[in-house]
Amino acid sequence: MKIGILSGGGDAPGLNAVIRAATRTAALKYGWEVVGIVDGFEGLLTPTRTRELTSWNTRGILFLGGTILGTTNRGNPFAVKDIIDGKEVVRDQSATVVENIRSLGIEVLMVIGGDGSLKIGHGLHKLGVPVVGVPKTIDNDLMATHVTFGFQTAVDTATEALDKLHTTAESHQRVIVLEVMGRYAGWIALEAGIAGGADVIIIPEIPFSMEKVAEKLVARKKGGNKSSIVIVAEGAKPLGGEMAVREQAADGYVLRFGGMGERVGEAIMKHTGFDVRVTVLGHLQRGGSPCPYDRLLATRYGSTAVEFIAQNKLGTMVSFQPPTLQPVPLESAIGELKLVDPQGDLVKMAEGIGISFGR
Ligand code: F6P
């Protein structure tokens, strides 16, 4: 048996732990060959780019951030973009990719990815390439699994940032706004906001009123608090307003968010006259060593994906359904996004301890 491993889309802490665990389970337990695809789906276009993976050459990567295989948000084989005579041309190269996978002798492809990459994996599976998916994203927005690896590390990083911002905000009697990632989902902002003692949490699932946010900050000041901390998810939007988008596809899909933290900071200054500073945490949330929780989760995901291959559970994604990992059909992993429930326990609990969501 020869399996291929590919990481697609944005990186997430724990990718290397998945690669290591999958390689070790395949090689040591089953005696299979493992090949890593370089730079995501781009490595399956012609000419293909691969490297052999063994238990020996995947030593020492458990705690490494990023991915030793490289990844990219480009290279979707169903819509490869080229510039020909100065014009963008989009071509379906999936048949070539299927052919390349066969020529490489890959019998099963393990796709470690978020929504977009798992969609591509599902497309290839429908074309006859046996695929097993592993859910990856710091955004934690995949419906079919309890939690994705990488998310907990991102929450840790954002919480640590809040801890640091508290001390400087207090010294200078400021409001500090921290913008975090998450696309359409507010999980990072919500969980880091609660863990890091934010006073206001702004998430995409609860469009915010600037007046309510200002009310909360003014009340805190009147109550004797010298400073306040506001955490803003990049995909948030004001009531009746728009998201802050830097780049958008023709069909409206947001390719790049950015700027909502700055907009909220400006509005707070205008509404309250307080001294405000804005920090954008950005890719610090994606880089660096995975926390122990993510190392363990990623190891379980990688190893279980190989077990599913051994059990012929193909066309599935490994889903964490505590306390076990279960196969779920790939299509169930790529439909709906998992978003924060505005009436859910976590949000209500946060409001109960005095956190404002600007509603
Ligand atoms: O999906 C993960 C994520 O980090 C999002 O939270 C963020 O919007 C996006 O990727 C940024 O991606 P990049 O800068 O790599 O295009």
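The values are calculated or read from the model by the stated rules, or taken from the named source; none is laboratory data. Treat the numbers as computed from the prediction; the structure is a model and nothing was measured. Neighbour counts run over all protein chains shown; Cβ positions are idealised from the backbone, glycine included. In case anyone asks, the SASA skips ligands and DNA or RNA and just uses the protein heavy atoms, side chains included. Shrake-Rupley method; radii C 1.70, N 1.55, O 1.52, S 1.80 Å.
General remarks:
- Rounded to the nearest 5, the antiparallel percentage of DSSP beta bridges internal to the range 152-287 is 15%.
- Note that the range 179-186 has calculated 3J(HN,Hα) couplings of 8, 10, 7, x, 6, 7, 10, x Hz, one per residue in order, obtained from phi through the Karplus relation 6.51 cos²θ - 1.76 cosθ + 1.60 (θ = phi - 60°); glycine and proline are x.
- DSSP-defined antiparallel bridges as percent of all bridges, the chain, nearest 5: 35
- Residues listed by number, the range 230-250, amide nitrogen under 19 Å from Lys87 label point at 7 Å toward C-beta: 250
- Seen against the Cα atoms of the chain and their longest principal axis, helix 115-126 is set at about 20 degrees.
- Whole-Å distance, taken between Cα centres, linking the range 236-267 and the range 155-174: 24
- Enclosing the Cα atoms of the range 178-239 in their convex hull gives a volume equal to 66 cubic angstrom per residue.
- Scaling against 2.2 N^0.38 Å puts the C-alpha radius of gyration of the range 29-130 at 1.16.
- Put simply, the amide H of Ile5, placed in the peptide plane, has neighbours under 5 Å in Val35, Gly36, Ile37, Met110, leaving out anything fewer than 5 places away on its chain.
- For the set Lys164/Lys221; Lys212/Lys237; Lys164/Lys222, the pairs lying more than 18 angstrom apart at their alpha carbons are Lys164/Lys221; Lys164/Lys222.
- Seen from Ala169, the other residues with C-beta closer than 13 Å to its C-beta sum to a net charge of +2, counting Lys and Arg as +1 and Asp and Glu as -1.
- Over the range 235-349, the pair-distance histogram of Cα-Cα distances with 10 Å bins from zero comes to 10, 22, 31, 24, 9, 3, 0 percent, rounded to whole numbers.
- Within the range 9-24: backbone nitrogen closer than 20 Å to the Glu52 label point (7 Å, Cα to C-beta): 19-24
- For the chain, the longest principal axis of the C-alpha atoms and the axis of helix 15-24 are separated by about 30°.
- Ala219-Ala249 FRET efficiency (beta carbon distance; Förster radius 41 Å; 0.05 resolution): 0.50
- C-alpha center-to-center spacing [the range 54-126, the range 290-355] in angstrom: 22
- Along the range 246-256 the Karplus relation, 6.51 cos²θ - 1.76 cosθ + 1.60 evaluated at θ = phi - 60°, assigns HN-Hα couplings of 9, 8, 9, 7, 4, 7, x, 5, 7, 7, 8 Hz to successive residues, with x for each Gly and Pro.
- Between Lys164 and Leu45, full extension at 0.36 nm per residue minus the direct alpha carbon distance yields a gain of 38.4 nm.
- Against the chain, whose longest principal axis comes from its Cα atoms, helix 292-310 is set at around 30 degrees.
- Remark: the Ala310-Tyr30 segment gains 100.0 nm on full extension, using 0.36 nm per residue and subtracting the alpha carbon distance.
- Normalised by 2.2 N^0.38 Å, where N is the number of residues, the alpha-carbon radius of gyration of the chain equals 1.06.
- Cβ-derived FRET efficiency at R0 22 Å, His146 paired with Glu336, nearest 0.05: 0.90
- Computed over the range 152-287: relative contact order in percent, which uses C-alpha pairs under 8 Å that are six or more apart: 33
- Neighbours of Leu339 by Cβ distance under 13 Å: Lys/Arg scored +1, Asp/Glu scored -1, total -4.
- Candidate residues Lys270, Lys338, Lys29, Lys221: accessible-area rank, largest first, probe 1.4 Å: Lys270, Lys29, Lys221, Lys338
- Taking other residues whose beta carbon is less than 12 angstrom from the beta carbon of Leu109, and scoring Lys, Arg as +1 and Asp, Glu as -1, yields +1.
- Gained length - Glu262 relative to Ser171, 0.36 nm times residue gap less alpha-carbon distance: 30.6 nm
- Hydrodynamic analysis of the range 152-287 uses the Kirkwood radius over alpha carbon pairs. Inserted into Stokes-Einstein at 4 °C and 1.567 mPa s, it gives a translational diffusion coefficient of 88 µm²/s.
- Sorted peptide list for 196-208, 66-78, 250-262, criterion being average Cβ within 10 angstrom, highest first: 196-208, 66-78, 250-262
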